[in-house]
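What follows is a short report on a single structure.
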Amino acid sequence: MRIHHYEKLWLIIGSLILIIFLSILAVQTFVLDMGPPSHAETIDPQSVRESELFANTGLQEVGDKEYEIAMIAEMFAFRPGDLEVPVGSTVHFTLASPDVTHGFKITDTNINVMVVPGHISKISHTFDESGEYLILCNEYCGLGHEYMANTITVK
């Protein structure tokens, strides 16, 4: 059986594209640690507000320009409210919901997380540019969904 040279060319091109895409996926996963959330940590949705992790939902400095914050996404607000961090800060967000599924989207960043009741979502971001970043719920969560927004001010 003889394969035409155009078929060989397309097989080579298709194989190269597949190898390139898999390489990009491997670099993002293993080098840049950009895997999808695993939902490995769980929490009873009824006890989110009383849990030790979410009892102090404020911005806490854990290092030089490094902060942690535990946030509760509930109808129809993010707790705590608006935040302020210095330029160049890395913020580690820990999120939970006691009621329904919410979204956690920070505009002008690559942060977009689903906050599912019973699971703890974690994500980090370094804010290199000053300005105001809007936090939105991008999963419909009820009649007051459009009011669910906060801001992060980076100075």
Cβ-Cβ under 6 Å pairs, at least 6 apart or on other chains, segment 50-78 side farther than 15 Å from residue 88 by Cβ, far side acidic (Asp, Glu) and not in a strand (DSSP E or B) | 74/99; 75/99
Which residue, of 16, 9, 95, 32, is without any contact (Cβ under 8 Å) to a residue 24 or more places away in the chain and within 17 Å of the chain's Cα centre (by Cα)?
-> 32
Conditions (1) at pLDDT below 90; (2) not in a strand (DSSP E or B); number of the one not met by residue 62 = (2)
Select from segment 42-76 the residues that are under 26 Å from residue 143 (Cβ atoms) and under 17 Å from the mean Cα position of the chain (by Cα) and list them in ascending order.
-> 71, 72, 73, 74
Scan segment 133-145 for residues that are surrounded by 12 or more Cβ atoms within 10 Å (Cβ to Cβ) and either β-branched (Val, Ile, Thr) or farther than 10 Å from residue 78 by Cβ (or both) and jot them down.
-> 133, 134, 135, 138, 139, 140, 141, 142, 145
Every residue from segment 101-138 that is part of a loop (DSSP other than H, G, I, E, B), without any contact (Cβ under 8 Å) to a residue 60 or more places away in the chain and under 18 Å from residue 70 (Cα atoms) | 101, 111
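The values are calculated or read from the model by the stated rules, or taken from the named source; none is laboratory data. It should be emphasised that the depicted structure is a prediction, and the values quoted were computed from it without experimental measurement. We place every Cβ from the backbone using ideal geometry, glycine too, and count neighbours over all the protein chains shown.
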